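Participant: This is the structure, below, for whatever I ask next.
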Amino acid sequence: MARTFAVGDIHGDLEGLERVFKRLPKLEPTDTIVFVGDYLDRGPKSAQVIEFVRKVQREGPPRVVA
């Protein structure tokens, strides 16, 4: 069964983003993760957040919409 997960308001908080991913169920190729806005501002690790999102896009297994 295909599932869709939405992640928003990251604001450069890499540790928070990593915590969210650890709480997700095992992701499958049929799953989709949608990252919605506010990746960068305020947080200390904006560049690392972009790297994380791109890595998930590149390596999967879920489909990523950024």
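Participant: Computed from the coordinates I sent, mean projected area of the Cα convex hull in nm² equals one of (i) 4.4; (ii) 6.3; (iii) 3.9. Tell me the label.
Facilitator: Only one option fits the structure, namely (iii).
Participant: Could you list the trypsin sites (Lys or Arg not before Pro) in the chain that lie in coil according to DSSP, counting only those with at most 16 other Cβ atoms within 10 Å of their Cβ?
Facilitator: Values: sites: R3, R19, K22, R23, K26, R42, K45, R54, K55, R58, R63; in loops: R3, K26, R42, K45.
Filter output for the chain: R3, K26, R42.
Participant: Give the long-range amide H neighbours of I33: residues separated by 5 or more places, or on another chain, with amide H under 5 Å away, using H modelled in the peptide plane at 1.01 Å from N.
Facilitator: Under 5 Å from the amide H of I33: F5, R63, V64, V65.
Participant: Here is a further query. How high is the FRET efficiency between A2 and R54 when r is their beta carbon distance and R₀ equals 25 Å, given to the nearest 0.05? It would help to have the intermediate numbers written out before the result.
Facilitator: Details: r = 23 Å, r/R0 = 0.90.
My answer for the efficiency is 0.65.
Participant: So what is the calculated 222 nm ellipticity per residue for the chain, using -39500 (n - 2.57) for each DSSP H run with n of 4 or more, over all residues, to the nearest 500 deg cm²/dmol? Mind dumping the intermediate values first?
Facilitator: Details: 2 runs with 24 residues, N = 66.
-11500 deg cm²/dmol, from helical runs alone.
Participant: Per residue of segment 17-32, what does 6.51 cos²θ - 1.76 cosθ + 1.60 with θ = phi - 60° give for ³J(HN,Hα)? Whole Hz please, x for Gly and Pro, Karplus curve as stated.
Facilitator: Whole-Hz 3J(HN,Hα) from phi for segment 17-32: 4, 5, 4, 4, 5, 5, 8, 6, x, 4, 7, 10, x, 7, 7, 10.
Read-outs throughout are calculated quantities, based only on the coordinates presented, and are distinct from any laboratory measurement. In this text, all values refer to a predicted model and were calculated from it rather than measured experimentally. Counting neighbours? That spans all protein chains shown, and the Cβs are built from the backbone with ideal geometry, glycine included.
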